[in-house]
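Read the figures in this text as sums done on the coordinates, not as results from a lab. All values derive from a computational prediction rather than experimental measurement. Cβ atoms come from the backbone with ideal geometry, glycine included; neighbour counts cover every protein chain shown.
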Ligand SMILES: Nc1ncnc2c1ncn2[C@@H]1O[C@H](COP(=O)(O)OP(=O)(O)OP(=O)(O)O)[C@@H](O)[C@H]1O
Ligand SMILES: [Mg+2]
């Protein structure tokens with residue numbers, strides 16, 4: 001079976017600096033995979049490579065078995081890939097509702113409409129006319145998730161979605177991810193905290209210094225084992 | 001008195017339509033477009049030539065559409081490469097474009113003055129508060145407000161208007177959501193230039209055409225944008241109206257100072273609010 005998305009020997013970085021070295025990673029249709037690793041190993045750079053915001057220096061990115069000739073800013077979105085970026089990236093000059101509508105820029109139809117997002121996060125409906133950045137960190141993360149879902153994606157990339165959030169909010173958002181996982185959408189979860197990794201993904205890749213150093217099935221390794229492989 | 005205020009409104013609304021083109025381009029590209037005055041002038045001359053042959057309506061459309069195309073070309077050749085540059089480079093390059101366009105106008109149309117008669121339907125006068133007022137000037141006010149409304153409604157409620165606002169703040173987030181930000185630049189600069197072209201041809205029967213019209217209006221629309229706070233439509237609206245009134249009353253009550261007034265106003269406002277009326281403090 002051809003993968004939905006595959007990175008083959010990808011080399012990428014910023015300016016002259018190489019951050020990713022011969023990185024290999026693949027994710028099948030509807031599959032849930034996590035990418036784990038310490039700070040600064042290049043996890044977000046993988047996302048940036050798919051979004052055309054880091055410099056692509058070699059290798060291939062394949063979408064449904066076909067190499068993408070050139071990756072521009074909108075390429076991932078047109079391939080049905082939506083991103084909840086690290087740091088959320090909510091636009092301050094747009095209202096909550098407008099930030100959400102931006103997610104539907106390509107107009108792909110599916111189960112997610114703005115009303116469905118409001119049903120998932122009632123607070124966003126209440127605050128729909130406020131500036132997106134006037135909301136709390138947890139609520140902004142809800143906007144970022146809602147914006148990504150509005151694209152009705154085949155693959156949802158979550159880059160450290162719980163970073164900087166209070167524990168109660170983390171629990172709330174984790175519960176939502178678990179429900180999302182059950183809808184069959186593909187998920188690529190970038191995390192440093194392994195509880196969420198175990199709860200919603202089946203396979204993992206450990207990244208160190210820009211390459212995959214270990215991969216496997218989450219169920220076949222102990223939490224302690226995973227933790228130590230991140231640390232090496 | 002009322003006539004003065006109305007003349008100020010005519011002038012102010014022209015300035016606003018012109019400046020909204022500047023604001024639009026600055027918002028997306030972060031480029032202060034010093035060639036904007038030349039676009040206004042080119043729109044007026046092209047519209048003039050077409051209006052003589054095919055009538056006023058055709059002239060207005062031609063001025064807007066031709067300048068829209070010029071704007072698209074300008075973005076692809078020039079502005080696209082200026083987005084991340086030092087502001088000084090931007091000033092020099094766009095001012096260079098200004099000089100080139102101005103010279104093109106001079107070599108095609110010569111250096112003499114032209115006057116364009118308003119279309120017959122708008123050639124008369126209307127009585128307002130007991131005083132006669134040229135109908136064409138009312139048309140300028142109406143047309144300018146219509147264009148401004150279309151722009152604001154599109155930006156606030158339109159799908160692509162949302163994309164433009166998003167890309168103005170963070171193009172990479174807009175692109176991440178699937179917006180073709182590479183196409184947005186030419187479209188927006190084209191629209192800004194079309195607004196300059198429209199205001200040029202609409203102003204033609206009111207202000208006449210001459211080779212210095214571009215630089216005169218450039219300075220004023222630049223003052224409008226600076227007072228308004230670069231990138232703010234509301235600010236540009238308020239300052240265009242202020243400047244229009246100053247121009248109208250200034251030329252009547254203190255003619256020797258009138259041409260200085262815009263700059264005095266700009267200095268005072270910038271001392272009081274360095275970010276301009278509608279600008280966010282940095
Ligand atoms: N825009 C950039 N320009 C230059 N260097 C960058 C840029 N973004 C990241 N880097 C560098 O690339 C390396 C990898 O960064 P990256 O953001 O991919 O790490 P990460 O694994 O996502 O870390 P974290 O867990 O902290 O988010 C770091 O050394 C970082 O300093
Ligand atoms: Mg990161």
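Taking 7 Å along the Cα-to-C-beta vector as the label spot, tell me the residue B:100-residue B:81 distance in nanometres, rounded to one decimal.
If labels sit at residue B:100 and residue B:81, their model points lie 1.0 nm apart.
For A:119, A:88, A:55, A:147, what ranking results if the residue with the fewest other Cβ atoms within 10 Å of its Cβ goes first?
Numbers: A:119 11, A:88 22, A:55 17, A:147 30.
Result, fewest neighbours first: A:119, A:55, A:88, A:147.
Going by how many other beta carbons lie within 10 Å of each one, how would you line up A:78, A:53, B:181, fewest first?
On the way: A:78 14, A:53 18, B:181 22.
With the sparsest Cβ surroundings first, the list reads A:78, A:53, B:181.
Say R0 is 45 Å: what FRET efficiency, to the nearest 0.05, do residue B:2 and residue A:133 get from their beta-carbon distance?
Numbers: r = 45 Å, r/R0 = 1.01.
Plugging the Cβ-Cβ distance into 1/(1 + (r/R0)^6) gives 0.50.
Please give the average number of partner chain Cβ atoms lying within 10 Å of the Cβ of each residue in A:88-101, rounded to a whole number. Let's see the in-between values first.
Values: counts 1, 4, 2, 9, 3, 7, 5, 0, 0, 0, 4, 4, 0, 4.
Average neighbour count from other chains, rounded to a whole number: 3.
Roughly how tilted is helix A:137-149, in degrees to the nearest 10 and between 0 and 90, from the longest Cα axis of chain A?
80
Hey, with R₀ at 41 Å, roughly what FRET efficiency would residue B:141 and residue A:183 work out to, going by the Cβ-Cβ distance, to 0.05?
On the way: r = 55 Å, r/R0 = 1.34.
Calculated value: 0.15.
Tell me, in nm to one decimal, what length is gained between residue A:225 and residue A:72 on full extension, where the rule is 0.36 nm per residue of separation less the Cα-Cα distance? Please report the intermediate quantities before stating the final value.
Values: separation 153, 0.36 × 153 = 55.08 nm, distance 3.80 nm.
Between residue A:225 and residue A:72, full extension yields 51.3 nm more.
With angles folded into 0 to 90 degrees, how steeply does helix B:213-228 sit against the dominant principal axis of chain B? Use alpha carbons for both and round to 10.
Helix B:213-228 sits at roughly 60 degrees to that axis.
Between residue B:91 and residue B:121, what FRET efficiency follows from the Cβ-Cβ distance if R0 is 51 Å, with the result rounded to 0.05?
Values: r = 42 Å, r/R0 = 0.83.
In this case the efficiency is close to 0.75.
Working from Cα positions, state the angle (0 to 90°, nearest 10) between the long axis of helix A:167-182 and the longest principal axis of chain A.
Between the helix axis and the principal axis of chain A, the angle is about 80 degrees.
Over the whole of A:145-152, what's the average partner chain Cβ count within 10 Å per residue? Rounded to a whole number, please.
Values: counts 0, 0, 3, 2, 0, 1, 3, 0.
The shielding value for this peptide is 1.
Per-residue Cβ counts within 10 Å, from other chains only, averaged over A:64-77: what number is that?
Numbers: counts 0, 0, 0, 0, 0, 0, 0, 0, 4, 13, 10, 2, 4, 7.
Counting other chains' Cβ atoms within 10 Å and averaging over A:64-77 gives 3.
Test of understanding: in a Gaussian network model of chain A with alpha carbons linked when under 10 Å, which of A:131, A:222, A:26 would top the mean-square fluctuation ranking?
Checking each option, the largest mean-square fluctuation is seen for A:222.
If the elastic network links every pair of Cα atoms under 10 Å, which of A:156, A:50, A:165 fluctuates the most in the Gaussian network model of chain A?
For chain A, modelled as a Gaussian network with Cα springs under 10 Å, the answer is A:165.
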